[in-house]
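Please treat every number below as a calculation from the coordinates, not as lab data. This one's a predicted model, so the numbers in the text were calculated from it and none came from an experiment. No Cβ is skipped: glycine too gets one built from the backbone with ideal geometry, and neighbour counts run over all protein chains shown.
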Amino acid sequence: MADVFIDHKFIGTVAQPTEFVQNLIADRRAGKVQSSVNVQYDADTDNVYVEIAKGRSVRPLIVVKNGKPLLTPQHVDQLKSGETQWFELLKQGVIEFIDAAEEEMALVAIEEQDLTPEHTHLEISSIDILGIITALVPFGDYNQGARLLQGAKNQKQAMGFYAANYFVRMDMDTSILHYPQRPIVTTLLYDVLEYDKHPSGMNVTIAVMSYKGYNMEDAIVVNKGSIQRGFARSTYFRPTKAEELRYSGGLMDEISIPDKETRGYRSEEDYRFLEEDGIIGVESKVAEGDVVIGKTSPPRFLSGVDEYNLVTNYRRESSVSLKHGEKGTVDFIMLTENDEGNKLVQVRLRDDRTPEIGDKFISRHGQKGVIATIVPAADMPFSANGITPDILFSPHGIPSRMTVGHLIELVGGKVGALSARRIDGTMFNNENERDIREELATYGFQEDGTEVMYNGETGEELQVKIYLGNMYYLRLKHMVANKLQSRARGPIQLLTRQPTEGKAKEGGLRLGEMEKDTFVAHGASLLLKERFDSDKAIVPVCERSGLVGFYDGRKNNRAMSSIHGDESEMHNVEISYAFKLFLDELISLGIYPKIGVKRRF
Amino acid sequence: MLPPSIKKEVETYVKENKLTAAKAKKAQETVEREYTYGKVDAGEAVGTIAAESIGEPGTQMTLDTFHFAGVSEMNVTMGLPRLIEVLDARKTISTEMMEVYLHAPYKEGQDIKKIAEKIKETSFREYIKEVNIDVLEAVMTIALDSEKMALVDASPDKLVKILAKSAKGVSFKADGNTIIAKSTSKSDTLKEIYLLKEKIKSIYINGVKGISMVLPVKRDEEFLLVTAGTNYKSILKIDGVDTARTITNNLYEIEALLGIEAARQAIINEIEKVLDNQGIDIDVRHVLLVADTMTMTGKVLGISRYGIVKEKQSVLARASFETPLKHVFSAAMHGELDPLNSVIENVMMNQPVPLGTGIPKLVMKK
């Protein structure tokens, strides 16, 4: 006697749970019960769970009876000719959707030849064991698992043609690749996903060789000629926005060119791009500090109407300007309302991004690297046919990572380019590597994909043959232009007087605890002091009370302590401002930190 | 200049080799020079260097627990968790174990099983073959495992004595190879017998308390016992145990029994064991410094806020490590004075730290 639950609500009992479940599944296959119903018999707890709720993830499988799949070649032919459809097969019970619970009772074969009478289901395709992105890796079944996942992870960060309406969108931090291409070496998923309509990489000629040590540690060497011909060029979009917020008392922000009486008025120069409506004109070329949207806000604290009934009517400047290191061209402006009905102005900036040293690229096998140098086309090595590669990839990246798929894609790409066809690299079901290589030989190339190459600078023949072919490379959204930053002096925080943090605020790079320890270990005591000088302060300390004093404006700015006043014996002491704050904090806790001062000499 | 022991060594060398006076002097000078050269310079940040030297390779250590070499079915905590345990000087460690060395004849493997069984803590559970409860009579009949009993020279009568001592309100009677238990109270006897069944299983019968497993191991032509659980004091009292070499991995037991110097050596050995196991090569002197610091107060202190950090003189140094408020408040209550003479306080105040280039000072001519 097993309890039956529908959506985890107790509904009744059945005498023969196994039979009950089998009947229910049979009814579902026969179309008497909806196809989205799933059922599970848990023998451990002796419960039957029937699931009808929405929100379960289900997946389709081919039903197997007596070791034979119900899906026959006739079905496939009919599907191809359009005689029958997917949902027709579902109705016939050839295919069924199974959820995680019902899967517990199923034995699923991945390949048809693995089927035994015990099997209940068959995967529709063996690549079903992979995710959508992972299945995009060609010849991925030749790769080490970890690399496959990395390749998939990084593909998500690739630039491409992410949306056809990108020019009216206000997405944050996006890029559009100028000349995206379809990959020569594809997988089944590229057709399913209609990848050709939104590709995200380019087919490049790649040579596996080192170049003066520039491509050590995963770096890549790029042909300058390729870049000049448009390789991996992209446009970067960054929207900024301003809202007219409403405040209490009927006051509100105003988007306009601030007038000169405004508090915090910058300079006329800074507002030069603004048009009459206070918004920048399209196609203006702006750089750091330029105002994009002019805005003023009402005063922060309303100081009431005073005696003489003169309303102190100053407004605060709160324009939106470009942050440190930003530049671009105004691309698109949108005027709308936000959820509360306030005026919302969005200005999108565009910036051309030519590949430069430090930009990140990746093949589909998790082989990522940054550009280390850009070499003039004339200095690149060339093959006997006069082919100069676009990218030089270091051979040291291969052995330890075991990305054999990377190497096979390279020959595959070469054959695909020569035969003007696309190579199928679908995992577990790809074109035979040997066949590909034999085909390569028919085009008059070395069967192993290598070629004789010549030094681009001297014209001498290279001592070894170079593995040369075509691959699909992706440009990732991590670009130095967005990250490069340095500082010698700059803004500090108000509270601690220490440098600000982060690129947008022109911040410093923190010398942390462990870095400090290295100075200590070297005994570089004075260097350490100098490094931590950023918030140094000279404060007057009273010898009698041991407290940090203050400068009394009424007494000619004399330093004195709060206890002894004019009788204080003040001495200037150099300490870090953070330590002064710490002492203040102790005082706030009711602790009296007494500093003992002593002459240094 | 030279410590007495080295001085003596030089002198005996001179005597043994009958060196001339000039040569003897030269030898003396050379040794002195090398000795001075080998000394750490004043102001060298030995502590920081030791910390970095152990800490950096420590990041590469795996968190795995390895199976102890040659011992089956025994997991020993090694690697980073064990290192942290030693350095923190934890009172309870995750795998306590001992290596019990033996004298002849056990050393050669003779009767090794017997002594192993003698050491292992056994409870009554292990001698039971079968338990039957007569519900009507409220009588429990326990069939004993004679093989097991023979190993430790136990007889049913002996067991009855032990049982009678620890279980009150029940009468036990030996009958051949079985023990019959009967409740002496009048009411609720059946329930009591049921409870008794579970209770008597955990009654201590034989062996050294705290030793839950004993495994005989052959190492370098010699048999020894590796135990799970430790009880250093009791083990050393057992006949046939080589007291000179038998060791536990519990620092506090060593400290209590053999003193602080032994505990220091034990810390060094335990750290080295972990480092060797991980294939990490660290100069011993770093480890020595750590062990010295942990034991310099005369008791084992861990590198934690309850251990050596608590012993620090400076309020600011203690406050900068962990739980700052606690230290600041207690300092305020006791009116502590911070002489500001170590590293961290001076970093906080942005003053030169008293190390390396921070040591030399300008002296004004009076």
Net charge over other residues, Cβ less than 10 angstrom from the Cβ of B:VAL274 (K, R count +1; D, E count -1): -2
Cα-projected label distance for B:ASP41 with A:ARG182, points at 7 Å along beta-carbon direction, nm: 7.0 nm
In range of the label at A:ASP533: residues from the stretch A:566-581 whose backbone nitrogen is under 17 Å from the point 7 Å along Cα→Cβ: A:573-578
Of the DSSP H helices in chain B, those whose Cα atoms cover at least 20 Å axially and whose Kyte score averages -1.0 or more: B:260-277
Average beta-carbon neighbours from other chains, 10 Å sphere, peptide B:339-350: 5
Selection from B:ASN231, B:ALA138, A:GLY502, by position along the positive dipole direction of the protein assembly as shown (Cβ): B:ASN231
Under Karplus coefficients 6.51, -1.76 and 1.60, residue-wise ³J(HN,Hα) of the stretch B:349-365 in Hz, glycine/proline x: 8, 6, 10, x, 6, x, 8, x, 5, x, 7, x, 10, 7, 10, 7, 6
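How much length would be gained if the chain were fully extended between B:HIS334 and B:VAL135, taking 0.36 nm per residue of separation minus their Cα-Cα distance, in nm to one decimal?
Computed gain between B:HIS334 and B:VAL135 is 64.7 nm.
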Rounded tilt (10° steps) of A:145-155 against the dominant C-alpha axis of chain A: 60 degrees
Pairwise Lys count, the stretch A:488-601 - Cα closer than 22 Å, eight or more residues apart or different chains: 11
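Contact order normalised by length for the stretch A:170-256, with contacts defined as Cα pairs under 8 Å and 6 or more residues apart; what percent is it? The partial results should precede the final answer.
Details: 77 pairs, mean separation 36.0, N = 87.
Averaging sequence separation for qualifying contacts and normalising by length gives 41 percent for the stretch A:170-256.
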Given charges at Cβ of Lys, Arg, Asp, Glu: chain A dipole, positive-most of A:SER534, A:ILE184, A:VAL222: A:SER534
Degrees, to the nearest 10: A:17-29 long Cα axis against longest axis of chain A: 90 degrees
Inter-centroid distance (Cα atoms) of the stretch A:184-222 relative to the stretch A:548-593, Å: 64 Å
Whether the stretch B:122-206 is rounded, prolate or oblate, judged on the alpha carbon gyration tensor where a/c under 1.5 counts as rounded: prolate
Average projected area [Cα convex hull, the stretch A:2-124], square nanometres: 8.1 nm²
Whole-Hz couplings from phi, Karplus 6.51/-1.76/1.60, listed for the stretch A:11-16; x for Gly and Pro: 10, x, 10, 10, 7, 10
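Pull out a ≥ b ≥ c, the square roots of the eigenvalues of the alpha-carbon gyration tensor of the stretch A:504-601, then state rounded if a/c is under 1.5, prolate if not and a/b is larger than b/c, and oblate in the remaining case. Walk me through the numbers before you get to the answer.
Numbers: a/c = 2.17, a/b = 1.88, b/c = 1.16.
In terms of gyration-tensor shape, prolate.
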3J(HN,Hα) from dihedral phi, the stretch A:209-222, Karplus parametrisation 6.51/-1.76/1.60, rounded to Hz, x for glycine, proline: 7, 8, 9, 6, x, 5, 9, 6, 6, 6, 6, 10, 9, 10
Peptide B:287-296 - average C-beta neighbours from other chains (10 Å radius): 0
Aspartates and glutamates whose Cα lies under 15 Å from that of A:LYS32, excluding same-chain neighbours fewer than 8 positions away: A:GLU88, A:GLU96
The stretch A:174-199 residues near the modelled A:TRP86 label - backbone nitrogen below 17 Å, point 7 Å along Cα→Cβ: A:188-195
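Would the protein assembly as shown count as rounded, prolate or oblate if I go by the C-alpha gyration tensor, calling it rounded below 1.5 in a/c and otherwise prolate when a/b exceeds b/c, oblate otherwise? The partial results should precede the final answer.
Values: a/c = 1.56, a/b = 1.10, b/c = 1.42.
Judged from the Cα gyration tensor, the protein assembly as shown comes out oblate (a/c at least 1.5, b/c at or above a/b).
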Sites A:LYS505 and B:TYR13, calculated FRET efficiency, Cβ-Cβ separation with R0 51 Å, nearest 0.05: 0.15
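How many Cβ atoms of partner chains, on average, are near each residue of A:589-598 if near means within 10 Å of its Cβ? Intermediate values should be presented prior to the final figure.
Working: counts 4, 2, 5, 2, 5, 2, 2, 4, 0, 0.
The shielding value for this peptide is 3.
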Eligible lysines near A:LYS54 by straight Cα distance, threshold 17 Å, same-chain separation 8 or greater: A:LYS9
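Run the numbers on chain A and let me know its relative contact order in percent, using alpha-carbon pairs under 8 Å that are six or more apart. Before the final figure, lay out each step's value.
Details: 1175 pairs, mean separation 78.9, N = 601.
Reported relative contact order: 13 percent.
Placing +1 at every Lys and Arg Cβ and -1 at every Asp and Glu Cβ, with all other atoms neutral, what dipole size does chain B have around its Cα centre, in debye to the nearest 20?
Charge dipole of chain B: 1120 debye, to the nearest 20.
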Eligible aspartates and glutamates near B:LYS312 by straight Cα distance, threshold 13 Å, same-chain separation 8 or greater: B:GLU322, B:GLU336, B:ASP338, B:GLU345
Dipole magnitude (debye, nearest 20) for the stretch A:237-352, charges at Cβ of Lys, Arg, Asp, Glu: 300 debye
Near-label residues of the stretch B:133-155 by backbone N, under 15 Å of a point 7 Å along Cα→Cβ of B:LYS199: B:139-140
Sequence-distant residues sharing a close amide H with A:LEU476 (under 5 Å, placed H): A:MET159, A:LYS360, A:PHE361, A:ILE362
Non-local Lys pairs in the stretch A:237-352, i.e. 8 or more apart or on different chains, that have alpha carbons under 18 Å apart: 10
Relative contact order (%) - the stretch B:122-206, alpha-carbon pairs under 8 angstrom, separation at least six: 37 percent
Cβ-placed point charges (K, R +1; D, E -1), dipole of the protein assembly as shown about Cα centre in debye, nearest 20: 3500 debye
Helix axis angle, A:404-419 relative to chain A longest principal axis, alpha carbon, degrees: 70 degrees
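Can you tell me how much longer the chain between B:LEU151 and B:THR30 gets when fully stretched, taken as 0.36 nm per residue apart minus their C-alpha distance, in nm with one decimal?
Numbers: separation 121, 0.36 × 121 = 43.56 nm, distance 6.42 nm.
That works out to 37.1 nm of additional length.
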Between the stretch B:115-170 and the stretch A:496-514, the alpha-carbon center distance in angstrom: 72 Å
Cβ-Cβ FRET estimate between A:GLU513 and B:GLU99, R0 fixed at 51 Å, reported to 0.05: 0.80
Lys/Arg +1, Asp/Glu -1 at C-beta; the stretch A:488-601 dipole; positive extreme among A:LEU586, A:GLN493, A:HIS571: A:HIS571
Two-site label geometry, B:LYS326 and A:LYS9: point separation in nm, points 7 Å out along Cα→Cβ: 5.3 nm
Gap separating the Cα centres of the stretch A:375-407 and the stretch A:37-95, nearest whole Å: 48 Å
A:GLU569 long-range amide H proximity, modeled H, under 5 Å: A:GLU543, A:ARG544, A:SER545
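A:ASP379 to B:ASN341: FRET efficiency via 1/(1 + (r/R0)^6), r the Cβ-Cβ distance, R0 51 Å, to the nearest 0.05? Provide the component values of the computation, followed by the final result.
Values: r = 61 Å, r/R0 = 1.20.
E(calc), rounded to 0.05, equals 0.25.
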